[in-house]
Amino acid sequence: MEVREQEVPVELDWVTERSKCEVKAAFESLQEGLAHDVEQYKVQPNFGGEISHAYEPNWMIRVSKRKYTHKAVVFKVKGDHIEMQHEGIEDSEAAKVFPILTENGCCKFRIIRGEAEETLLPWQLRRRALEPVLFGHETP
């Protein structure tokens, strides 16, 4: 399926959209998406291991899996951004995640890890976060 960038709307209540894209609002939305993703994973035929999902409002989300080893991803609110850190995954470094309102009125996430920077849709960020924990490998 081809995904095209949404066209710039002629009119947009950008103040409302921008407020939905503030760190705490984006964090809450991220939490809802992660909870949904974890539940979807649990109903898959290849589900294996013990999955735990912890959430402390406005502060921390932790998704972890135990099968043969322990792997986890932790999100923490850090002022103007969200920190994302994998645990039990080789060569992973913390990433700073900034919610941004794009020119077409869409809330996306700018991820900065070391010198690398990219902008992702919410589902793409969740995939980057959960794929190495749930499936054992990272998205290229």
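The values are calculated or read from the model by the stated rules, or taken from the named source; none is laboratory data. Because the structure is a prediction, the values reported are computed rather than measured. Positions of Cβ are backbone-derived with ideal geometry, glycine not excepted, and every protein chain shown enters the neighbour counts.
The residues listed here are Val63, Val23; of these, the one that is surrounded by 14 or more Cβ atoms within 10 Å (Cβ to Cβ), under 14 Å from the mean Cα position of the chain (by Cα), within 15 Å of Arg128 (Cβ to Cβ) and among the hydrophobic types (A, V, I, L, M, F, W, C) is Val63. Would segment 80-91 turn up any residue that is modelled with pLDDT of 90 or more and over 20 Å from Leu130 (Cα atoms)? Yes, the conditions are met somewhere in segment 80-91. Residues that are touching a Ser or Thr at 6+ places or on another chain (Cβ under 9 Å) and of a type outside the set (Gly, Ala, Ser) within segment 39-56 comprise Glu50, Ile51, His53, listed in sequence order.
Within segment 119-132, restricting attention to residues that are touching a Lys or Arg at 6+ places or on another chain (Cβ under 8 Å) and closer than 22 Å to Ala72 by Cα, the residue that is surrounded by the fewest Cβ atoms within 10 Å (Cβ to Cβ) is Leu121.
Can Arg110 be described as of a type in the set (Lys, Arg) and either within 22 Å of Gly136 (Cα to Cα) or over 19 Å from the mean Cα position of the chain (by Cα) (or both)? The answer is no for Arg110.
Of the residues making up segment 114-140, those that are small (Gly, Ala, Ser) and in a loop (DSSP other than H, G, I, E, B) are Gly114, Gly136.
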